[in-house]
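The values are calculated or read from the model by the stated rules, or taken from the named source; none is laboratory data. All of these numbers come straight from a predicted model, not from anything done at the bench. Positions of Cβ are generated from backbone atoms using ideal geometry, with glycine treated the same way; all protein chains shown enter the neighbour counts.
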Amino acid sequence: MVQQIAVIVKKQITMSRESLRSLDIIFITRFNEQQGVVDNGIRDTNVDFIKEIDNIFYTLYMQYMTQADADVFYPLKQGESDRFSV
């Protein structure tokens, strides 16, 4: 079972990596509980779920910004030492 999950996760990471290549920019806005949640029939309205997803994306963002060498989606290429130098 654990191996099956690992295979699924690896496939998801590969699919995400490939799809993110076509994006020029990603905007991340943190969830603000004061704005409330609108039930529009499309998005989840469970605040705990929304907060957890927000934390997952924020954690990925912070890892990308602070530990680029550990990034699962965009690992540094061989010979690269810094993703952000110009």
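When every residue of segment 30-38 is checked against the conditions, none turns out to be modelled with pLDDT of 85 or more, assigned to a helix (DSSP H, G or I) and among the basic types (Lys, Arg). Of all the residues in segment 1-48, those that are under 20 Å from Met62 (Cα atoms), surrounded by 10 or more Cβ atoms within 10 Å (Cβ to Cβ) and more than 14 Å from the chain's Cα centre (by Cα) number 1. Being out of contact with any strand residue (DSSP E or B) (no Cβ under 9 Å at 6 or more places or on another chain), of a type in the set (Gly, Ala, Ser) and at pLDDT 75 or above is true of Ala6. Remark: pairs (first residue in segment 1-29, in contact (Cβ under 8 Å) with a residue 12 or more places away in the chain; second residue assigned to a helix (DSSP H, G or I); Cβ separation under 6 Å; 6+ apart in sequence or on different chains) = Ile28/Tyr61. For Met65, the criteria (1) surrounded by fewer than 12 Cβ atoms within 10 Å (Cβ to Cβ); (2) part of a loop (DSSP other than H, G, I, E, B); (3) modelled with pLDDT under 85 hold in every case but one, which is (2).
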